Amino acid sequence: MSDNTKAFPYEKGSYTLYSCATCPYAQRALRALQLANVPYKLVEIDLLNKPSWYHLVNPQLKVPTLRLPSGEILIESLVIAEFVADQFPEAQLLSTDAIERAQLRLFIELFSSRIIPAYYRLLRTADTAGQETEKQALLEGIWAVSKELETQWERKSGNGGPFWYGDRFAFAEIATVSFAGLFRVLERYRGFSVPETEEYAGFNRWFAAVSEHPGFTGVKPDDDKLIASYKRFLP
Ligand SMILES: N[C@@H](CCC(=O)N[C@@H](CS)C(=O)NCC(=O)O)C(=O)O
């Protein structure tokens, strides 16, 4: 078998993350590495003009991709983030308790199924009536997430909030904050914002705390760049 490893850039004996600054999935991997204090080399991939060697790194041609010091390659943002959490347990990104892990998985699944697709549908819908329907769907998703956060804060591991694990910005935030950060794009293109009402109080409290935390601000792309990069999703 030929050795392809020399055909693409990577840091020998270290972690290499192939990423794109405006990609919310890639930001999950970046946040996990940064919060766990893992040294890594960053290779920025231009998604509109991918390097010819990128298929050797990830045949699906998506970001993020993580090359481990051993040469193993990991794809899929949540898989990469969970690997980092498990490999560097001292960062306390993920609980080792099976029930707490299950509850967290359910939260990420709720966020991923109710907010992420609604976000992209709202962006892609052209007509005003359709946009109203999608805004409602998104708000219902945010409401469900908000209630789940409040439920978690009543649990021992939630410890009163404002993050999933109380005062610790950790795996729940790594998995979700880039998508909540994308609401800036919806505000610009669709005039959408989360109402400051009791119904969404849990979500607003969580996001206010998240927005100030280095785990969010340290990886946050420039607003104008982010908004411009989503223009291609508009109808
Ligand atoms: N399920 C993947 C999704 C990753 C994904 O869709 N990344 C986008 C950028 S945000 C991508 O690389 N798209 C390929 C392209 O734009 O050509 C993950 O969680 O890592």
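The values are calculated or read from the model by the stated rules, or taken from the named source; none is laboratory data. Just so it is clear, the structure is predicted and the values come from calculations on it, not from any experiment. Virtual Cβ from ideal backbone geometry, glycine too; neighbours counted across all protein chains shown. With ligands, DNA and RNA removed, areas are computed over all heavy atoms of the protein, side chains included. Shrake-Rupley method; radii C 1.70, N 1.55, O 1.52, S 1.80 Å.
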Candidate lysines for bridging to LYS62, where Cα separation is under 27 Å - those fewer than 8 sequence places away on the same chain excluded: LYS6, LYS12, LYS41, LYS50, LYS220, LYS225, LYS231
Restricting to Cα pairs below 8 Å that are 6+ residues apart, what does the relative contact order work out to for the chain? Please round to a whole percent. 20
Residue by residue through region 170-182, what is 3J(HN,Hα) from phi via Karplus (6.51 cos²θ - 1.76 cosθ + 1.60, θ = phi - 60°)? Round to whole Hz and write x for glycine and proline. 9, 4, 4, 6, 3, 6, 10, 5, 4, 6, 5, x, 6
Choice from PRO117, PRO221, PRO59 showing the highest fluctuation, given a GNM over the chain with Cα pairs closer than 10 Å: PRO59
Region 121-235 accessible area per residue, 1.4 Å probe, protein heavy atoms, integer Å², reads 47
So, with a 1.4 angstrom probe, what is the percent of accessible area on the chain that is carbon and sulfur? 51
PHE88 accessible area, assembled protein chains, probe 1.4 Å, Å²: 40
Return the single residue from LEU104, LEU47, LEU182 with maximal mean-square fluctuation; model: Gaussian network over the chain, springs between Cα atoms under 10 Å. LEU47
Scaled to the compact-protein estimate 2.2 N^0.38 Å, what is the alpha-carbon radius of gyration of the chain, rounded to two decimal places? 1.05
Order these peptides, 65-71, 76-82, by their mean beta-carbon neighbour count within 10 angstrom, highest first. 76-82, 65-71
With every protein chain in place, what's the accessible area of GLU212 (1.4 Å probe, Å², nearest 10)? 150
Expressed as a whole number of Å, what is the distance separating the alpha-carbon centroids of region 185-235 and region 59-114? 22
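Using only the heavy atoms of the protein chains and a 1.4 Å probe, how would TRP153, TRP53 rank by accessible area, largest first?
Sorted descending by solvent-accessible area, the residues read TRP53, TRP153.
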For LYS156, the lysines lying under 27 Å Cα to Cα, once residues fewer than eight places off in the same chain are dropped, come out as LYS147
Kindly rank 13-19, 109-115, 169-175 from highest to lowest mean number of other beta carbons found within 10 Å of each residue. 169-175, 13-19, 109-115
For region 1-128: span of alpha carbons on each principal axis (Å, largest first): 49, 45, 26
Would you mind calculating the relative contact order of region 4-91 from Cα pairs under 8 angstrom and at least 6 residues apart, reporting the percent as a whole number? 37
With Rg from the Cα atoms and Rh as the Kirkwood inverse mean 1/r over Cα pairs, region 98-233 has an Rg/Rh of 0.97
